[in-house]
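Computed from the coordinates by the stated procedures, all read-outs in this text should not be read as laboratory data. Since we're looking at a predicted model, the values are computed, not measured. FYI the Cβ positions are ideal-geometry reconstructions off the backbone, even for glycines, and counts take in every protein chain you see.
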């Protein structure tokens with residue numbers, strides 16, 4: 001039981017390049033989330049999904065797109081990376097609405113030069 | 001504005017001393033409350049949570065937190081800190097009116113433990 005996994009762990013991009021971050025969970029969770037973590041700002045929600053085939057915007061969605069084609073996977077895309085998107089990205093999942101307990105992946109450290 | 005505030009950005013305590021990390025929230029309805037810990041280079045681990053009932057909740061690693069509705073607070077405590085507790089701690093809430101489970105995080109408190 002791997003829980004929540006993220007791929008890749010580290011990545012360096014040049015301004016204007018694109019990439020996709022993959023989040024996978026093996027807990028059959030309905031809810032999945034993408035956060036970014038920046039120093040002194042805690043974690044901020046980028047996009048989230050309440051089920052397969054659904055996505056919604058969070059607090060800081062600009063410059064990112066997401067897809068949830070399969071229940072276990074939640075993809076975060078950067079179409080044209082900018083230095084402001086240098087951050088650590090965390091994926092999380094939650095199974096039961098009643099608990100709202102979120103399980104986090106190990107993170108992806110992205111640097112945009 | 002709705003928010004979660006952790007007033008202390010950085011705290012240093014001696015090993016064996018007691019610890020209290022503060023968290024205040026500003027939501028009308030009682031939210032669901034959480035404390036997470038993040039060790040350097042790691043993801044977030046849930047320490048404890050409060051949904052309803054007993055306002056003093058016990059968590060892992062010897063931590064506890066107390067919900068005080070009148071003060072809109074959910075402070076984290078530990079009677080005796082160990083060097084391995086050095087980490088960043090995040091308070092987080094899911095607003096009581098939420099149907100999506102979105103977590104709102106505080107800015108975090110970095111705990112340093114002196115030997």
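Once label points are set 7 Å from the Cα along Cα→Cβ at both residue B:29 and residue B:54, what is their separation, rounded to one decimal in nm?
2.6 nm
Whole Å is fine, so just give me how far the alpha carbon centre of the range A:29-54 lies from that of the range B:1-74.
If we compute the Cα centre of each part, the gap is 20 Å.
For the range A:49-113, take every pair of Cα atoms, bin their distances at 10 Å starting from 0, and report each bin as a whole percent.
18, 49, 29, 5, 0
Within the range B:63-105, list the residues whose amide N lies under 12 Å from a label point set 7 Å along Cα→Cβ of residue B:114.
It comes to no residues whatsoever.
Over 20 Å apart: what share of the alpha carbon pairs of chain B falls there, rounded to a whole percent?
That fraction is 36 percent.
Could you give the nm distance between label points at residue A:65 and residue B:42, where each point is 7 Å from its Cα heading toward the beta carbon?
Reported label-point gap for residue A:65 and residue B:42 is 3.7 nm.
Could you give the radius of gyration (one decimal) and Dmax (whole number) of the Cα atoms in chain A, in Å?
Cα-based Rg and Dmax for chain A come out at 13.2, 42 Å.
Over the Cα atoms, compute the radius of gyration (one decimal) and Dmax (the largest Cα-Cα distance, rounded to a whole number) for the protein assembly as shown, in Å.
Radius of gyration, then largest Cα-Cα span, for the protein assembly as shown: 17.6, 52 Å.
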